[in-house]
Amino acid sequence: MAINKSLFIEKFEEKFWNTIERFKLVKRNERIGVALSGGKDSSTVLYLLSQRFKDRMIAISIDEGTGEYRRATISNAQRLTRMLGVEHRVYSFKETYGYTLPGIIELFKKNNDNTKPCTICGILRRALLNDAAIELGLDVLAVGHSLEDEAQSILMSIFKGNPEFLQRLGPRSDKVKGFVPRIKPLYLHSEKEVLTYALLQDLVDKSLTASCPFSSLAYRNTARKALNLLERNDKEVKKKIVESFLLLKSHIERQPREINRCKRCGSPTSGEYCSRCKILMKIEKFVNK
Ligand code: SF4
Ligand code: ZN
């Protein structure tokens with residue numbers, strides 16, 4: 001079925017701004033960081049937010065050192081930020097942590113530590129984005145999470161028996177000292193809608209075929225497959241999971257949240273050390289063995 005291009009764009013953008021309004025994602029005068037991988041989701045977030053908030057936005061990209069894939073997405077991020085006139089900063093794992101992601105994975109493997117690549121990557125990337133946002137004086141960090149991403153995260157926290165993680169989900173995360181709240185303007189958009197929009201608006205490089213070399217090992221794939229299977233019988237299942245979660249969330253939030261400070265870096269954490277320090281401590285241990 002042919003899509004009516006301008007009608008689709010209009011509806012997509014209407015949903016985007018309604019999501020921002022419904023969940024009060026951007027407050028008056030807040031300075032916004034956009035976590036810009038250069039893929040379809042974050043590029044769409046950057047493009048749309050820049051239409052209203054360009055003067056108080058900075059795009060931040062993280063280079064994990066994953067080769068061709070990351071080089072291509074960062075080059076798309078540079079193209080877009082130049083085109084939109086948005087300030088852009090790139091931070092790398094190599095410069096910050098002394099190793100690229102493949103280097104860290106190699107080191108872990110040699111030491112028979114089978115922590116999943118995406119776990120290491122996600123923890124180190126999120127922490128680096130947070131550091132950058134603090135350093136740049138930003139109030140919120142916009143990420144490209146779609147409806148699918150959120151439904152997957154909800155399921156993953158249940159599959160893993162980690163319901164505390166649910167407290168961190170939602171369209172706008174809590175304000176905690178030392179942690180810049182994340183906002184998700186694509187919270188109610190499906191991946192398919194975002195891809196269609198990004199292609200129609202020329203926000204992604206259509207010739208980009210490379211993908212992260214570690215993506216097939218992601219635990220998230222299990223949740224993705226389960227959801228896609230459920231979707232065969234119910235097209236609305238992802239939306240229902242997210243809307244049910246939103247209803248439950250107000251009750252979850254009533255539980256007081258214990259926040260400690262990491263003994264090593266002072267970041268907010270629920271344990272003795274934050275997840276990033278646990279990884280960095282392992283790296284130090286493996287290197288000095
Ligand atoms: Fe990192 Fe995994 Fe994403 Fe690759 S697929 S960029 S390793 S989180
Ligand atoms: Zn720490």
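Restricting attention to the range 203-233 and to residues that are surrounded by fewer than 13 Cβ atoms within 10 Å (Cβ to Cβ) and away from ligand 1 (no atom under 16 Å from the Cβ), the residue that is farthest from residue 118 (Cα to Cα) turns out to be 233. If you check 244, 250, 275, which single one turns out to be within 13 Å of ligand 2 (Cβ to nearest atom) and hydroxyl-bearing (Ser, Thr, Tyr)? Criteria check complete, one pass: 275.
Does residue 275 fit the bill of being within 16 Å of ligand 1 (Cβ to nearest atom) and under 27 Å from residue 111 (Cβ atoms)? So residue 275 fits the description; yes. Where helices (runs of 4 or more DSSP H) fall entirely within the range 61-140, those with at least 2 residues that are within 16 Å of the chain's Cα centre (by Cα), within 13 Å of ligand 1 (Cβ to nearest atom) and among the hydrophobic types (A, V, I, L, M, F, W, C) are at 117-135. Restricting to the range 274-289, give me the number of residues that are surrounded by fewer than 18 Cβ atoms within 10 Å (Cβ to Cβ) and over 22 Å from the mean Cα position of the chain (by Cα). The total comes to 8. Residues satisfying the criterion are present in the range 177-195 (criterion: part of a loop (DSSP other than H, G, I, E, B) and at pLDDT below 95).
The values are calculated or read from the model by the stated rules, or taken from the named source; none is laboratory data. Being a predicted model, the structure only gives us computed values, none of them experimental. When we count neighbours, we look across all protein chains shown, and the Cβ atoms used for this are built from the backbone with ideal geometry, even at glycine.
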